[in-house]
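Heads up, the thing below is written out as structure tokens.
The values are calculated or read from the model by the stated rules, or taken from the named source; none is laboratory data. Computed from a predicted model, the values in this text were never measured in an experiment. Every residue, glycine among them, receives a Cβ derived from its backbone with ideal geometry; neighbour counts consider all protein chains shown.
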Amino acid sequence: MTIPAQAPSGRLLPLLLGTGGLLVLGGVALFWLASAQNQPQTEGAVPVTVTATACEPMAIEVPAGPTRFLIRNASDRPVEWEILNGVMVVAERENIAPGFSSVLSERLKPGVYDITCGLLSNPRGTLTVLATAESAAETAAPPLRELIGPLSERKVQLMKAAGKFARATQALEQAITAGDLAAAKTAWMRAAAEWAGLGTVAPQAADLQNRIAPQAAWLAGRETDPAFTGLHRLEYGLFARSSLAGLAPVAAALTKDATAFQSRVKAFDGTPAGIAADAARYARSLSDAIAAGNLAPYAGEDHLLLAAALDTLDRARAVLDPLLSAADPAQAVRVTARLAAAHAAAAAVPLDRQANAAALAAAAEALAGINATLGLEP
């Protein structure tokens, strides 16, 4: 016999309603807490707004040491914000979408720096970093003798990579001059991969970097802008338009810039702290770029470029691994595992951009912790 369902008694109904209300409120509270934890840490950050034409403010002053910047994009296109020391990129945050904000954390040394403000044609602002007692003590501290070997090894790696890039651009120019579209596409992929392998040192020559690989989104006229040069201009012609028309002078200029870049790398005097710091910065930059989907916007060869980029991060890790393993074996294992996870994400087909961005961000975090462990920063 079926027992008919009974409605809750008058005494139970308020209790059930009250319990349901508490569950709803609890769910809302948990959602709010989770959302708050996922927000970037903006407390104490220096606010910077990038408009279509400038930064607000155009002049910033901060004390030396760890600093966070909250960068808001108030323009109508994705922007990057950089801190420059001459032609060298000290720190950057790329691909900030219109209407969104991003936090950049960096340990800054005393000095006067330039800051970029969106489009490459926009005027630059000024960042003044004031000396403190702590920064003076850091400056006086001698470099660790044990890091001379890794520093020399890393420089040799980068010099060889710069030579490969210069030769790859020469082959690309020859294919374009010969009128061979298929060969030019193959040569472009080789040159682009070699350039991706130089991502840790490229910001040290920001003037050349802006000619070798400017993104169309960074330029007022996009693909039609006269400053749209180098690898991406060739990529646009070869892959988006399947044409060699007008590419010969672009390829010749790229070869010239690649040769100049090779000379810069030879003359570049790195620092022990720069090995890990540059690798961490590059991993963060890659994370931003792959999330926006513009490593190879016209050729669609993101797998190839990611693999080359991760190889150079691995080489940077490897030269420091003996010292890191001795100082903190668990951290050495963690750095290796994070990079292995990034390699696995990059090899997946189809490419999951969000998974790659997350893996690269995790690798960047691990790489960024190396210097403190090795005593290269307080």
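Below are the figures for this structure:
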read-out: Selection count where residues are without any contact (Cβ under 8 Å) to a residue 40 or more places away in the chain and part of a loop (DSSP other than H, G, I, E, B), scope the stretch 192-240; value: 6
read-out: Filter result for residue 216 (touching a helix residue (DSSP H, G or I) at 6+ places or on another chain (Cβ under 6 Å), outside the structural domain of residue 75 (by TED's automatic domain parsing) and modelled with pLDDT under 95); value: yes
read-out: Enumeration of residues in the stretch 152-191 that are at negative phi and outside any helix (DSSP H, G or I); value: 178, 180
read-out: The stretch 211-236, residues that are under 16 Å from residue 191 (Cα atoms) and touching a Ser or Thr at 6+ places or on another chain (Cβ under 6 Å); value: 211
read-out: Candidates 153, 194, 223 - the one that is surrounded by fewer than 18 Cβ atoms within 10 Å (Cβ to Cβ), over 18 Å from residue 92 (Cα atoms), under 23 Å from the mean Cα position of the chain (by Cα) and not basic (Lys, Arg); value: 223
read-out: Helices (runs of 4 or more DSSP H) contained in the stretch 270-378 and holding at least 3 residues crowded, with 23+ Cβ neighbours inside 10 Å; value: 272-292, 302-327, 329-347, 353-368
read-out: Candidates 65, 10 - the one that is surrounded by 13 or more Cβ atoms within 10 Å (Cβ to Cβ), outside the structural domain of residue 361 (by TED's automatic domain parsing) and at pLDDT below 90; value: 65
